[in-house]
Structure formats: structure tokens, C-alpha cells
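The numbers here are math on the coordinates, done by the rules we state, and not lab data. Fair warning: this is a prediction, and the values are worked out from it, not measured in the lab. So basically every Cβ, Gly included, is an ideal-geometry build from the backbone, and we count neighbours across all protein chains shown.
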Amino acid sequence: METLLDPKTDSAILPGAVDCDVHPAQPSMKALMPYLDDYLAEQVVDRGIEALHSVHYPPNAPITCRDDWRADGGGTLAGMQKHLFDGMGVGTAILNPLLGLQILMEQDMAASFARGLNDYTRAEWLDRDPRLRASIVVPQQDPEQAAEEIERLAGERRFVQVLMLVMGEMPLGKRYHWPIYKAAEKHGLPVAIHAGSMYRHPTTGVGWSSFHAQDYVANGVNFQTTLTSLITEGVFSVHPNLKVVMSESGVTWLPAYLWRLDKYWQGLRMLIPWVDRLPREIVASNIRFTLQPVDAPPDGETLARVMEHLGSEELLLFSTDYPHWQFDGAGAVPDGLSESQIRKMMIDNPRATYARLEG
């Protein structure tokens, strides 16, 4: 399969490329306070939360930013402008804030934090660089309030998708979550399901793990579980125009997974009659996968074979996962992708997935 450019050079990124998974540095509680309602701001002070830098990753955690960028503004707006836009030539970047509000047990507090975080993102990021777009962060703890937050921001076209975590209180295909999907479909917003957990249950199917390495790898398995849930529970039968973006899910597992799911659907379809077509057809029409971190071997020939097994050039969306440690830097485009795949991944597929990019 013909490849385009040497992946070790940043020239592999095409002009106008859309980066579909970028992470802004999370605001300190002090910076977030002006965007919280009065009651929550008072609670933050009374509970001593204002001293926290973030309720997610601590600022010096190694996985939050590449070491060579940490001292050079990595994750800040200035750093993103320098490294991603000017340095690599990305044309548009979609922000996926990972504040960690989904882990809170108090539903109303989570919803208030979501509103404050989204308003902060709009004022401190979107208003300061026209090349930025963002996800609507919603409280998965309360799908009704999540739908309300989607409705609140639906008129702001710089918010181009809804953000959820892959591991929650229950499988994401359950009807409990359907108010989120209904609101997203109504406004033409894809739902991005990102690696991460609400930590209501063990991150593995056999109990709590001992090490971060196990927790990290478990994300991949849970993306498969989530995809099965979305398809078999009938989300796309009820919401046929809904697009779901799997962010940091990997993609090389997909061919074997779909072969297995198609096989069992054919044998057990009488149990889920609302799934009236092959799962692989649903994936082709409704599911997309971000590129980075690439779960592929280093040789391009093997990756090229995997791409052939996927059977479609419409599934991949370009991403860098900036500025996390997994980020491949100037080598964000792996060897093994054809010229047409790179064009579709960077330009055509994102614009087909995110209708608001055209607005």
C-alpha cells in the first residue's frame, strides 16, 4: 500500500487538518471559581476544594504532558498555539477537557461543575483562538441534567460534540443514558466516548487491578464492551443519525472484534430483533475512531494490512492526543497509511462527522 510521507516529519500533517482529540491544561479551582454559580463556589471554599489544582490528574503527573513540553507551556493555550498550530500545522483542534467531574458522587455538584467548566472553556479558550472547537462536558451521573447542558449550549456552534467517559456506572448502551443521545442527535452533535472511568466499579471484569498498567490496558477492553452495548441495546436503531466517536480507543482490535460480533449476531439475532443489520454496517455508518495513541506495531506493512481489514477509509479521525505523554510528536501520522487514507482521516472524515466545522 502506498504511503504518503515520512512519518518522522511534521510535514505529514496536511494544511487544514482537524485534530479531533486535544487536551487543554485543566484549570485550578481558583481559576474556575468565577465560572461557578454562587452556591457551588461557596461549597468549594467551605470544603477546602479551592486549594486543589484539579480534581483529575495532579499537575506533575507524568502522563499529563510530555516531559519536553512541560516546561514549554504544554497544554496551555500558548503552548498549544506554539506546538500544535504553528509547529505542526494543525488547522483546527477539538478540545476534550478532562477535569474529572464525572467521578463526583453528588449529581448536582457534578452538573454545576460541568456548566462552569464549559463556560470556562468558552471564555478562556474558544474566545481566544478561532482555530479551537470544544466538547460539551456533561455529568454522566445524571443524564437528564446532561441533556439540559446540551440544550443550554446547543446554540453555540463552537461546541461540536458531547464528551463522556468509556467506563461508567453501567454500560453506555443502557436506556438510562438515552436522554443524552436524544439531545445530541437532535442538535447534530456526535458523542465522543473517551478513555477514562467514573470508578464506580473495577476497571476490569475480574476485579480491581494492582497497577496503573492494568488500568490503562483495561480501557481497550472496555471500548469493545461499550461498542457491543451501544449496538445490541439498540441505540442506533432509535437514534439512527447519532454519530459516536471512540477517543483513545485504539483501532487495530476492530477487525477481529467485528468478525466475532457479526457471527454471534447472525446466530442470536432473534434475541435483539431491533438490530436489523450487521454490526459492521452499523460501525461503518455511525462509529468513528481517533488515531492517537496508535495501537499498532512500528512497521508500516503490518498497519497497512490492518487498514485493509477495516474495510473502510471513513472510520479514522486524525488526532494527536496533545499534550499527553503517549503523543508521538512529529510522528503523529504512522507509516502504513495510504495517501487517500491520510487525506480522509485529516480533512474529509472530520468534516463529515462534525457538521459544525462547516459553520
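With contacts taken as Cα pairs under 8 Å and at least 6 residues apart, segment 221-359 reaches a relative contact order of 24 percent. For the chain, the antiparallel share of DSSP beta bridges with both residues in that region comes to about 5%. Less than 5 angstrom separates the built amide H of V162 from those of I136, V191, A192, all sequence-distant by 5 or more or on a different chain. Using the Cα gyration tensor of segment 180-256, with a ≥ b ≥ c the square roots of its eigenvalues, what is the shape: rounded (a/c below 1.5), prolate (a/b larger than b/c) or oblate (neither)? It is prolate, given that a/c is not under 1.5 and a/b is the larger ratio.
With a Förster radius of 22 Å applied to the beta-carbon distance between A78 and S28, the computed FRET efficiency rounds to 0.85. Taking each residue as 0.36 nm, the span from K263 to R305 lengthens on full extension beyond its C-alpha to C-alpha distance by 12.9 nm. Subtract the Cα-Cα distance of S340 and W274 from 0.36 nm times their separation in residues, and report this length gain in nm to one decimal. This chain segment gains 20.3 nm when fully extended. Partners of K182 within straight-line reach, counting lysines whose Cα lies under 16 Å from its Cα and excluding those fewer than 8 residues away in the same chain: K174, K243.
For the peptides 344-355, 295-306, residues were scored by their other Cβ atoms within 10 Å and the scores averaged per peptide; the highest-first order is 344-355, 295-306. Distant-in-sequence amide contacts of T204, defined by a placed amide H-H separation under 5 Å and a gap of 5 or more residues or a different chain, comprise S209.
Modelled label positions at A213 and D108, each set 7 Å beyond Cα in the direction of Cβ, lie 4.5 nm from each other.
For labels at R157 and T225 in the simple 7 Å Cα→Cβ model, what's the distance in nm? Taking the simple label geometry, R157 and T225 are separated by 4.0 nm. Our coupling estimate for segment 247-254, obtained by passing each phi through the Karplus curve with A = 6.51, B = -1.76, C = 1.60 and θ = phi - 60°, is 9, 6, 8, x, 9, 5, 6, 5 Hz, Gly and Pro reported as x.
Rounded to the nearest 0.05, the FRET efficiency derived from the C-beta distance between D86 and D127 at R0 = 25 Å is 0.80.
Note that segment 259-265 has calculated 3J(HN,Hα) couplings of 4, 5, 5, 4, 4, 6, 4 Hz, one per residue in order, obtained from phi through the Karplus relation 6.51 cos²θ - 1.76 cosθ + 1.60 (θ = phi - 60°); glycine and proline are x.
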